[in-house]
Amino acid sequence: MGAEPWYYFVAYQSNIQQALDALREREFRAGRYNPVVPLLEFPISGDYSGPGARHVSIEAAIEASDADGTRSILDMTRIGTAPRITAL
């Protein structure tokens, strides 16, 4: 199993789920996810805007990434308060 390092900064919002949703949308629109960009340069610099989204939705991007995942924040769907395992 491999992993790709990533981190993001967003403006504070009291609703953390809304902050995550906004971040996911920002990265999707920028196209900073696999398979559009197979391997992101780490760390992502502020001057790299990305190639733009190449899928109609985040869900379509996740589907296209297959078992590799998007290697980005798009793979994270929610904020939890306790560990939870979900079936794929």
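The values are calculated or read from the model by the stated rules, or taken from the named source; none is laboratory data. Predicted model only: the values in this text are computed from it and were never measured. Cβ sites come from the backbone with ideal geometry, for glycine too, and all protein chains shown count toward neighbours.
Points worth noting:
- Filtering segment 53-82 to residues that are in contact with a Lys or Arg (Cβ under 7 Å, 6 or more places away or on another chain) and assigned to a loop (DSSP other than H, G, I, E, B) leaves A53, S72.
- Considering only residues in segment 1-28 that are among the polar types (S, T, N, Q) and assigned to a loop (DSSP other than H, G, I, E, B), the one that is surrounded by the fewest Cβ atoms within 10 Å (Cβ to Cβ) turns out to be S14.
- Residue in segment 29-51 that is surrounded by 14 or more Cβ atoms within 10 Å (Cβ to Cβ), assigned to a loop (DSSP other than H, G, I, E, B) and hydroxyl-bearing (S, T, Y) present: yes
- Any hit, segment 46-66, residues being of a type outside the set (A, V, I, L, M), in contact with a helix residue (DSSP H, G or I) (Cβ under 9 Å, 6 or more places away or on another chain) and either on the phi > 0 side of the Ramachandran plot or touching a residue at least 60 places away in the same chain (Cβ under 8 Å) (or both): yes
- When I44, I62, I58, I85 are checked against the criterion of being farther than 19 Å from P5 by Cβ, β-branched (V, I, T) and at pLDDT below 95, a single residue qualifies: I85.
- Condition met for I73 (at pLDDT 90 or above, β-branched (V, I, T) and within 16 Å of A19 (Cα to Cα)): yes
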